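In what follows, a structure is listed as structure tokens, so that the remarks can point back to it.
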């Protein structure tokens, strides 16, 4: 997936959708290979796209650095499983329906 802002590339994501199960019990997971944005806005929009893929139960990613912006963009950090040990390759999984909050700026009087 390529994100364009103003007609220019601003970020990209590679992912696959993995479906497992049988009968009436199915589990759909988005497995993220790479997700990169040139700035905070592009990074937020890339992850918003990945988290809003329909009919998914979880999203999984690997090898995120400890200071990845996703931890700051996520409204419910405690919903992330795997904690910050993602750089070790252990992976992280979260509910795919969790939304990202937009960064807010305090206004002074």
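Please treat every number below as a calculation from the coordinates, not as lab data. Keep in mind that this is a model prediction, so the values were computed, not measured. All Cβ positions, glycine included, derive from the backbone under ideal geometry; neighbour counts span all protein chains shown.
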TODO: Provide the packing ranking of 34-43, 17-26, i.e. peptides ordered by the mean count of other C-beta atoms within 10 Å per residue, highest first.
DONE: 34-43, 17-26
Open item on the list: Let me make sure I get this right: for segment 4-64, a, b and c are the square roots of the gyration tensor eigenvalues over alpha carbons, sorted descending. Under 1.5 in a/c it's rounded, otherwise prolate if a/b > b/c, else oblate. Which is it?
Closed with: prolate
